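A.B. asks: Sharing a structure below in C-alpha cells format, with a few things to ask.
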Amino acid sequence: MLTLIANFKGGTGKSTVVFNLAVWCLMNGREVQVYDLDPQRTVTDTADIRAEMGYEPGFGVAHELPARAPRGEGLIDVGLSDTGAMRAAVRAAGRIVIPVSPSQADIWATQHFLEIIGEERKGKRKPEVLAFVNRADPHPRSRENAETYAAFKLLPGVTALKPRLVQRLAFRRSFSEGLAAFELEPGGKAAKELDALARAIFT
C-alpha cells in the first residue's frame, strides 16, 4: 500500500517520520520503497548517508510515483513547494498519515490539508486518514498535546492515533547520522514511541 506522510504546514517532521518508518518496516520484515517527492530531497540524502556508512538494511528511494502500488509498503514524502506532486500523491495514496505538532496553527493547517484530500478524492474511494501528535511537548503537564489529540476527534474522516512522537534528540540526530531513533538509542523512549506509532499505522 502507498502511504503518504504529509500535512499542509512545514516543520511538522514528516521527513523524519518517513525515514524512521522505512527503517522500522525493514527491521520488522516488511518490504519498503520510499518515494521522495520533496524538492529538498532530505530523505534521499539520509538514505545516501546510510548507504555510505554501510548501515543495513538499506532501502531504495525513487523520485516519481509508481504506476501501481508496490508489493510491500510504499512511503511517500512530499514538500509544500511542489503542490502538483502533493496533490498527485494524495490521489495515489491508499493511506494518508498526518503528523501534527501541538499548536492551533497546525490544527488549522490540518483542516486545510483535509480540504485538499477532499478535492482530490471527490467521487473516488476515500483513503484511510490517520493523524498523530508529532514533536510533542516532553513536559508531562503540557496541555497542548492533549488538546491537539482532542481536536483530531472533531475532524471529519480522521482516525486519531494515540501513540505520539515526543520532541527528542534521537529523532533530530537520525537524519545527520543515517540511523533510525531505535538504532541510535535501542530501548530508549524514542524507540518505544516509534514502535508504538508504526504498529498503530501498519497493523
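Laboratory data are not the source of any read-out in this text; all were calculated from the coordinates shown. Just so you know, these numbers come straight off a predicted model, no measurement behind them. We place every Cβ from the backbone using ideal geometry, glycine too, and count neighbours over all the protein chains shown.
A.B. asks: Any idea how far the Cα center of the range 8-37 sits from the one of the range 41-117, in Å?
C.D. replies: 7
A.B. asks: Return the percentage of antiparallel bridges among DSSP beta bridges fully within the chain, rounded to the nearest 5 %.
C.D. replies: 0
A.B. asks: For the range 2-202, what does the relative contact order come out to in percent, with C-alpha contacts under 8 Å and a separation of six or more?
C.D. replies: Answer for the range 2-202 is 24 percent.
A.B. asks: What ³J(HN,Hα) values, in whole Hz, does the Karplus curve 6.51 cos²θ - 1.76 cosθ + 1.60 give for the range 123-138 when θ = phi - 60°, with x put for Gly and Pro?
C.D. replies: Values, residue by residue: x, 10, 4, 6, x, 6, 10, 10, 10, 9, 7, 10, 6, 5, 5, x Hz.
A.B. asks: Please report LYS14, LYS162 as a ranked list, fewest other C-beta atoms within 10 angstrom at the top and most at the bottom.
C.D. replies: Fewest-to-most Cβ neighbours within 10 Å comes out as LYS162, LYS14.
A.B. asks: Additional query: Tell me, what ³J(HN,Hα) does each residue in the range 153-163 have, in order and in whole Hz, if you take phi through Karplus 6.51 cos²θ - 1.76 cosθ + 1.60 with θ = phi - 60° and put x for Gly and Pro?
C.D. replies: Listing the rounded values in order: 6, 9, 8, x, x, 10, 9, 7, 8, 5, x Hz.
A.B. asks: Count charges around VAL61 for me, please; just the other residues with Cβ under 12 Å from its Cβ, Lys/Arg as +1, Asp/Glu as -1.
C.D. replies: Combined, the nearby Lys, Arg, Asp and Glu give -4.
A.B. asks: Summing Lys, Arg as +1 and Asp, Glu as -1, what charge do residues with Cβ under 12 Å from the Cβ of ASN28 carry, ASN28 excluded?
C.D. replies: -1
A.B. asks: Can you put GLU119, GLU183 in order, fewest other beta carbons within 10 Å first?
C.D. replies: GLU119, GLU183
A.B. asks: Given 0.36 nm per residue, what is the gain on full extension from LYS189 to ASP82 after removing their alpha carbon distance, in nm?
C.D. replies: Residue separation times 0.36 nm, minus the Cα-Cα distance, leaves 35.1 nm.
A.B. asks: Distance from the Cα centre of the range 119-150 to that of the range 163-199, in angstrom?
C.D. replies: Centre-to-centre (Cα) distance: 19 Å.
A.B. asks: Then there is this: Output wanted: per-residue J couplings in Hz (rounded whole) for the range 89-94, from phi through Karplus 6.51 cos²θ - 1.76 cosθ + 1.60, θ = phi - 60°, x for Gly and Pro.
C.D. replies: Working through the residues one at a time gives 5, 4, 5, 8, 6, x Hz.
A.B. asks: I need ILE5, ILE107 ordered by Cβ neighbour count within 10 Å, fewest first.
C.D. replies: Starting with the residue having the fewest Cβ neighbours, the order is ILE107, ILE5.
A.B. asks: Let me ask you something else. According to a simple spin-label model (label point 7 Å from Cα along Cα-to-Cβ), what is the distance in nm between HIS139 and GLU119?
C.D. replies: Here the answer is 3.7 nm between the modelled labels.
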